[in-house]
Structure formats: C-alpha cells, structure tokens
Amino acid sequence: MTVFLTIVVIALFGITLWQMSKILKLSQNSANNSQIANDKDNNLQGKLMLAFVIFLYLLTIYCFVQYHTFFLPESASEHGIDYDQLMLISMVLIFVVQFITQGLLHFFAYKYRGKKENKALFFADNDKLEFIWTIIPVIVLAGLIIYGLFTWTDIMDIDEEEGDPLIIELYAYQFDWRARYSGEDNVLGKANVRFIEGINTLGLDVSDNYGKDDKITNELHLPVNRKVIFKMRSQDILHSAYMPFFRAQMNVVPGMITEFAYTPILTSEEMRNSEFMVEKVATINKIRKEKSKKLVAAGEEALEEYTFDYYLLCNKICGVSHYNMQMKIVVESEEDYEAWLKGQTTFGEQLSAQASN
C-alpha cells in the first residue's frame, strides 16, 4: 500500500509540473493562437458529441436486452407488487428524462458549435422558461413522493390484530440465522442475550411460560397467502435480513427488536417452475457443467446441479463469513406448513430432555 501511494504521489507531482509548464508556455507566447479552436475543431467536437450520445443510447438498449435475466422475477409477496410498480414508475421517469435531456444536450452541442461568423445571443432572464423548468419537476416529484409515501405506509403498517398473522422471530448472529416460531398462543416468549447458556442458544427467559411452546429451527417455513410478522434480534453486531424475492429487507440491530411483515403469494414450487426461473436455472447449470469439466480434469470434485430455493441472506458485511450467512426459506401450503411445524420440538421439550439427561 505504501508503494502504491508513493507512485500515486509521484504521478500527481509529474502531472502538476506538466500543467505548470503548459501555463508558462502560454504566458510567454500569447501571440501564438495554435491552441485556439477553429471551425474544423468545432465541427469535429460537435460530431463527436452526436456520436457519443448515439453510442450511449445503443449501449443502454444492449444492456437491457443482454442482461435482463439478471433482474429479479415477479414478486413472491403481496406488497412486492406495489414495490415493483413504484420502482417501474421511477425508472421510466428517469429514463424518459435522461433520454430527452441527454439527446438535447448533445444535439445542441452539435447544432450550435462554434463558427467564426456566429455571435452568441445573450439575455438576462426568461420568466416563461424558468416557470416551465421549475413547475414541471415540482409537480412530477411531488406526485412521485406522495405515491411513494402512501406505498411505504401501506408496507410498513404492521397490525398484529388484523387477520390471523403468523409471528416469527428471526435471530441473527455471526454467521447464521435461527427462526423462532410462537406456539399455539401465537405469542413469542421473552428473550435476552444475557440468558444464553447451554441449549438456550437464543437466550429465552425460562421463567416466561409464553416461551415454553416456542419452536426454534434452522430453516424458515412459511404458509402461502398468510401474513407473517417478523420480529428480529441480533446477538452481536448489526446484520440485515434480506429476502430479495419477497422485496423485504430490515436491519437487525443489537439491543432492540425490529419488525417487518409480508404475505407470501408464491410457493417455492411455483417460483421454481416459473418460466423465468426455469430458464435462469438452466443457464446456471450450463455454466456449472462447463466449470465441472475443468474441475474433474484437474482431479477435483464436480459441482452439484443447482436447484432454486428462496433464501434469507445477510445484507451487511458482518465479518469474514458474511457471504455464508444464509437460511433456506420454504413457502408451502398451509397443510404442509402445519405438518412440518408439528414435527418440530418446543423449547419446553428441549428443557425437559436436558433435565432428564
């Protein structure tokens, strides 16, 4: 790093001397006008401006066509539909304004390029123009912000009394996740990291009866078309619960409980069999197959075939194994979910088994 900084300093010093020599040369030879742009230079620069904006538009179109598979598929949650709609409106506005303003900027640079016989027109102000380019952005931005605020409020308005929401705790620690399901009472027991000891890895308060029927798992199962309220805790540092296919993300902060809620609308199987995901998985497996040939030729083990699953990820760089901090999410029917949950042991049963041992 020291060598790199030294090279940078020397390079900057050299550039400074070069610029100073140019200034000195200009000051000593003011009569020489060889560096003043002429009509030929202006024509060239004007054409280059037109060429650049055409290249910019072609590059944009190419990127959309070539890399559209890198986008996320349709949202797997109810609120994600509104989220995607807001994002689409914002992106369309940005691209329309960018297309018009960049086109005009480069076209005017060509049309009004310097010519010896031309004289610039100067006027101090134009109230009409100023009104137009002020009021239009104000109206557009105000509409977008108001629409965004209503969408944000709808997404973040968590009402535990509405319907029959499922309450789940997401517990983050370096470098893994745990899910805690409230029992039949649908109330999570109290917990504190100070209570972590032995099998009590999440720090549940053993004196709180509400926690006795809680179930702790290392895989997150969710019933489709049922609202889920997530209560999030961190054991150590700042993490971020990121579920991109559900358009959900919330920081998990030590010492406090953060919340987020959504309703899954597509099961894991439905997303896996969607046209978008079938094509994407086929592309991934084609790449993995080619890499496997090289690995096998080098005497290493071939890569396994990829199968799509939802995942809960950490979206904060929380340490050396941050990349591996993930938990599988399974969205299934209410019947399959109930059958899976029934097979999980409660915290009270774990305490009883420990006492018996």
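The values are calculated or read from the model by the stated rules, or taken from the named source; none is laboratory data. If you're wondering where the values come from, they're calculated on a predicted model, not measured in any experiment. For neighbour counting, all protein chains shown are included, and Cβ atoms are generated from backbone atoms with ideal geometry for every residue, glycine included.
General remarks:
- Checklist (1) in contact with an Asp or Glu (Cβ under 7 Å, 6 or more places away or on another chain); (2) in a helix (DSSP H, G or I) applied to Asp41, failing item: (1)
- Flag for Leu312 being touching a helix residue (DSSP H, G or I) at 6+ places or on another chain (Cβ under 6 Å) and not small (Gly, Ala, Ser): no
- Residue match in region 215-227 (condition: under 22 Å from Phe308 (Cα atoms) and among the acidic types (Asp, Glu)): yes
- Residue tally, condition surrounded by 16 or more Cβ atoms within 10 Å (Cβ to Cβ) and more than 17 Å from Met156 (Cα to Cα), over region 223-258: 8
- Filtered by the rule that a residue be among the hydroxyl-bearing types (Ser, Thr, Tyr) and either surrounded by 12 or more Cβ atoms within 10 Å (Cβ to Cβ) or assigned to a loop (DSSP other than H, G, I, E, B) (or both), region 99-117 gives Tyr110, Tyr112.
- Hits in region 148-169 - residues which are without any contact (Cβ under 8 Å) to a residue 60 or more places away in the chain and more than 29 Å from the chain's Cα centre (by Cα): Glu161
- Neighbours by Cβ (under 6 Å, 6+ apart or cross-chain): first from region 170-197, under 25 Å from Tyr337 (Cβ atoms); second part of a strand (DSSP E or B) and among the charged types (D, E, K, R): Tyr171/Arg178; Tyr171/Arg233; Arg180/Glu169; Tyr181/Lys215; Leu188/Glu169
- Selection status of Val187, under 30 Å from Asp309 (Cβ atoms), at pLDDT below 90, among the hydrophobic types (A, V, I, L, M, F, W, C) and touching a helix residue (DSSP H, G or I) at 6+ places or on another chain (Cβ under 8 Å): yes
- Taking residues in region 79-94 that are closer than 13 Å to Phe245 by Cβ, and partners anywhere that are at pLDDT 90 or above and assigned to a helix (DSSP H, G or I), the pairs with Cβ atoms closer than 9 Å and at least 6 places apart or on different chains are His79/Phe246; Gly80/Phe245; Gly80/Phe246.
- Any hit, region 77-98, residues being surrounded by 13 or more Cβ atoms within 10 Å (Cβ to Cβ), in contact with a Pro (Cβ under 9 Å, 6 or more places away or on another chain) and within 30 Å of Leu266 (Cα to Cα): yes
- Each residue in region 104-132 was checked for being closer than 25 Å to Leu50 by Cα and either modelled with pLDDT of 85 or more or of a type in the set (D, E, K, R) (or both), and 14 pass.
- Filter result for Lys294 (of a type in the set (D, E, K, R), farther than 20 Å from Ile168 by Cα and within 34 Å of the chain's Cα centre (by Cα)): yes
- The residues on offer are Ile158, Ile167, and the sole one that is in a loop (DSSP other than H, G, I, E, B), surrounded by 13 or more Cβ atoms within 10 Å (Cβ to Cβ) and not charged (D, E, K, R) is Ile158.
- Of residues in region 340-351 being in a helix (DSSP H, G or I) and either among the acidic types (Asp, Glu) or out of contact with any strand residue (DSSP E or B) (no Cβ under 9 Å at 6 or more places or on another chain) (or both), the one surrounded by the fewest Cβ atoms within 10 Å (Cβ to Cβ): Lys342
- Scanning region 299-310 for any residue that is within 16 Å of Val224 (Cα to Cα) and modelled with pLDDT of 90 or more turns up at least one such residue.
- Scan region 310-339 for residues that are surrounded by fewer than 16 Cβ atoms within 10 Å (Cβ to Cβ), under 19 Å from the mean Cα position of the chain (by Cα) and among the hydrophobic types (A, V, I, L, M, F, W, C) and the total you get is 1.
- Selection within region 287-309 - surrounded by 10 or more Cβ atoms within 10 Å (Cβ to Cβ), assigned to a loop (DSSP other than H, G, I, E, B) and of a type outside the set (Ser, Thr, Tyr): Glu300, Ala302, Leu303, Glu305, Phe308, Asp309
- Residue check for Glu270: of a type outside the set (Lys, Arg) and touching a residue at least 60 places away in the same chain (Cβ under 8 Å): no
- Any chance Ile216 is surrounded by fewer than 18 Cβ atoms within 10 Å (Cβ to Cβ) and either within 30 Å of Met91 (Cα to Cα) or touching a helix residue (DSSP H, G or I) at 6+ places or on another chain (Cβ under 7 Å) (or both): no
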